[in-house]
Every structure is written in structure tokens, then in C-alpha cells.
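J.: Please see the structure below; I have some questions.
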Amino acid sequence: MRNADLSIDEDEAADLLIEIEKQLKKRQWGEAIRLEVEDNIDKRLLKTLRKELNLSEDAIFKINGPLDLTFLMKVYDIEGFDHLKEPKYTPQQPKMLDASRDLFEQIREHDILLHHPYETFDPVVNFVKKAASDPNVLAIKQTLYRVSSHSPIIASLAQAAENGKQVSVLVELKARFDEENNIVWAKKLEKAGCHVIYGLVGLKTHSKITLVVRKEEDGIRRYVHLGTGNYNDSTAKLYTDMGMFTSKTRYGEDATAVFNMLSGYSEPLVWNKLSLAPLWLRGKFLSLIEREKEHAKNGRTARIIAKMNSLCDPGIIEALYDASEAGVEIDLIVRGICCLRAGIKGLSEHIRVRSIVGTFLEHSRIFYFENNGNAEYYMGSADWMPRNLDKRVEILFPVEDPILQEEIYHILHMQLSDTKKAHLLMPDGHYVKVDQRGKTPLNSQLYFCEEAMANAKK
């Protein structure tokens, strides 16, 4: 394994795109940082490899088994043996959308929640596609971090520009291992007439937001999509993510402000709904945790439910410990890295952590704060990690529609009830399977699949 970091001085780079292209060519010759070998490798060969690659003993990992497990995908693709394979799931039509009706009309009526991959990603693709061909649409603005190799969204954005619409796209060139792919798309979009922004100096733009500006009978209306995952139609079939459509004025104003900032214009004095990293998202989370802590100290109901990919931010962890000591009940659903220790007396005895690893990769970021019975719900693109809160452009957005809030709570509740695919974090740092004795067997991912199929038949 070689060092894949790109050594770029963004302040000195005359053209970021050209500089990244140069660095990508060097990546295959980067310094070796890890060597995996079979555990019975010849000692003379290992000595030679260490010398030639200039590796320390700590950088050598002896593997008892195959060195490359990707061959297993070829085994899985062998025809037959269907009884040994997970049944393929087809994403369903979202229950909050009528496929026979105009999408913009439905968004005007009410906010719409999407739950991928149980519900299809097609409405998001169609949102951009429809905007590209709609004569009343004046502008489309979007951030792109990772997209598929044959992205229909890219094609629609290019078509929109060719149709004379104002199209602004932030393509994050520094998305690790997608740099080359994103350069290709950026050039295609520029050729089509789009205004392409190559990210911001010193920051990765990881937010997921799309803005459509449309001329209507009663004036200009802004339609917004906000999500927890990438605008990637391929991974949307494999990753669990959430998204929301809205045409509410205050969301639209904030979305416009986001793209003005990304384009180099000044930040507005007041924001309505959105919280952004690295500006004040950390402070927003800390204040929400602190509020629950104060509720608990004063005998009021206090609870936090947070779902994310990783949790390793020291400031957030310390705040959660303080909240736990004050009596706040805290349930965390963390798929990957979790540096917090749960269930330690006098520190985190009110904190429970679970990880769900199933057919789909858990990727959504959802945050619930009970707030003494006046619960607040948020979704966003950021995990509780220093890189997300301090070094990336991230967006946290509130979900205020009571129907959508009810649906989000249902999703969190089912995941907290999972007995099949969930593992619990113990005080000593290891994970154990949920004890199923006396509990109803529940695979939350399978439940959501069945629920989505049942809703689609109604």
C-alpha cells in the first residue's frame, strides 16, 4: 500500500485542476507505507522487500489467508447457487410521491422525505432531469462529491446548460480516489457551458445540496434537495441514506446563500435554517447537547439519538460524557469508528452505542434531540469527526414537517430495536451481538425493504 495523499499547495497552485492531474500521475509511485504478505513468506524475500521498499517491521502485516479478497466477488457472480445468496432487492417508489404527478407540484404541496435504497433514487435524478428541460427553470446549482461512472445527473446538468439555463456546479476535485473521475466530469460540464467551481482552498466540499430556481405565476420559487449521501445513482442502491425535497422559502434563501459563498460572494448576516461547517456546525451540535444536559439537570425530559458513520471528535465526546453524567439518555448508532466508551459508571453509564452491519452500508446522518417534549430533528452530511466539523464544507438541516419527523423517529426506533444485525459496544471497547432472549427477532434493513414494498402496492 502506497501513500495516496496528494501533496498540493493550494495557495500556490495556479490551476488546481492541472496540479491535481500532475499529482495523480505520481500516486502510483508514492512512498510505501504498508506491506501485506503471507504469514509463511520466505525470510530472504521479506528481507529484500523491506530493504527495497524502505519499510519498518511495524509496517509489515502477515496474513493467514488470501492477500486479496476481491476474488470473492467473482465467486459470488457465478451463476446458480441462488439459495446461498442474498435475494436482490429492487428500490421502490417513495410513498410520499405519486409518479404520475408533476414533481414540482408535489414539492410545493409539502416537504418530501426519501429513504434510500429502500425507496428509489430516481426522484433525485428526475428532479435534475426535469429541471434541465423545463422552460420555466432559470438556474440549477449543485454540489458533487462522488458520482457514478455513467452519471445521469451529469448528463442532465450538461443538457441544462446547452438549453440556456444558468448551471453552477461545485465539483470536489479533492474527493479521495475519485479525483480522476471528477476531473473528467468537470471538463465535460465546462465544455457544455456550466460554471464549474473546483472546490475551496483548504477545504473539501462534502455537502449534498441541489437548488433549482423556477419562474412561476406568482413569482420566482426555489426548490431544494438536501441529503445525507452523494449524488451517485449507483451507490444509492447500496448505501442507506436520507434526502428531503422542499420549496419552503427560508430553505431556498439559505440554499442560495450557500452557493453564493461557494462562488466567492460574501456570507449573509443571518441564516434561516441551515448550519454549515466549518463556520458554526461544531458550535451548533455542542449547544444542542448542552441544552439536553440543562434539561436533565432541571428534571426535564432529555434524550439524544444520533446516527452516523463515525464518532471520534474529542469535543463532541466530552460533551456527550457531560450530558450522560447529568442524566441525559443517549443512544448512538455508529456504523464504523467509535472512540467513545459507553456504559462506564460515573462517565457514560447513560450512553448506549450500537453498530448495524447488514446487506446495505449504513451511511445516513440523523440527529434527534428531545428538548423537553419539543423534539428537534436534523439530518446532514457530517459525521462527528474533526475533519467533518473543521476541514470540510458540510450542511446540517432541520426537518420540521411533523409527518416527516414521525417517519424519521420510526426509522431510528426500528434500528434501535434491531436484534439481528446490530452489535453493542461494551465498556472495554469490544462489540457483542444483541442478546435475543425475550426479544422479537428483527432485521431492520429487511424490515425497511418489506415496508417499502408494501407501501408501493398501496
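J.: Would you pick out the residues in the range 57-92 that are in contact (Cβ under 8 Å) with a residue 60 or more places away in the chain and in a loop (DSSP other than H, G, I, E, B)?
T.: Glu86, Tyr89, Pro91
J.: What are the residue pairs meeting all of these: first residue in the range 184-203, first residue over 16 Å from Ser148 (Cα atoms), second residue acidic (Asp, Glu), Cβ atoms under 7 Å, and 6 or more apart or on different chains?
T.: From residues that are over 16 Å from Ser148 (Cα atoms), the pairs are Ala192/Glu162; Gly193/Glu162; Val196/Glu190; Gly199/Glu172; Val201/Glu10; Val201/Asp11; Gly202/Glu10.
J.: Further, regarding this structure: Counting only residues that are touching a strand residue (DSSP E or B) at 6+ places or on another chain (Cβ under 7 Å) and surrounded by fewer than 24 Cβ atoms within 10 Å (Cβ to Cβ), which one in the range 368-382 is nearest to Gly227 (Cα to Cα)?
T.: Among those residues, the one meeting the criterion is Tyr378.
J.: Answer yes or no as to whether Asn136 is of a type in the set (S, T, N, Q) and outside the structural domain of Trp185 (by TED's automatic domain parsing).
T.: no
J.: Give just the number: which of (1) surrounded by fewer than 21 Cβ atoms within 10 Å (Cβ to Cβ); (2) in contact with a Phe, Trp or Tyr (Cβ under 8 Å, 6 or more places away or on another chain); (3) under 23 Å from Phe245 (Cα atoms) does His423 not satisfy?
T.: (3)
J.: Mind checking whether some residue in the range 192-201 is of a type in the set (A, V, I, L, M, F, W, C) and on the phi > 0 side of the Ramachandran plot?
T.: No, there is no match, as no residue in the range 192-201 is of a type in the set (A, V, I, L, M, F, W, C) and on the phi > 0 side of the Ramachandran plot.
J.: If only one of Leu6, Leu17 is aliphatic (A, V, I, L, M), within 22 Å of Val201 (Cα to Cα), assigned to a helix (DSSP H, G or I) and modelled with pLDDT under 90, which one is it?
T.: Residue meeting the stated conditions: Leu17.
J.: Taking helices (runs of 4 or more DSSP H) that fall entirely within the range 93-212, which contain at least 1 residues that are under 18 Å from the mean Cα position of the chain (by Cα) and closer than 29 Å to His410 by Cα?
T.: Counting at least 1 such residues, we get 122-133.
J.: On the basis of being of a type in the set (Lys, Arg), at pLDDT 95 or above and in contact with an Asp or Glu (Cβ under 6 Å, 6 or more places away or on another chain), does Arg352 make the cut?
T.: So Arg352 passes the test.
The values are calculated or read from the model by the stated rules, or taken from the named source; none is laboratory data. No experiment lies behind these values; they were computed from the predicted model shown. Here Cβ is always computed from backbone atoms with ideal geometry, including for glycine, and neighbour counts include all displayed protein chains.
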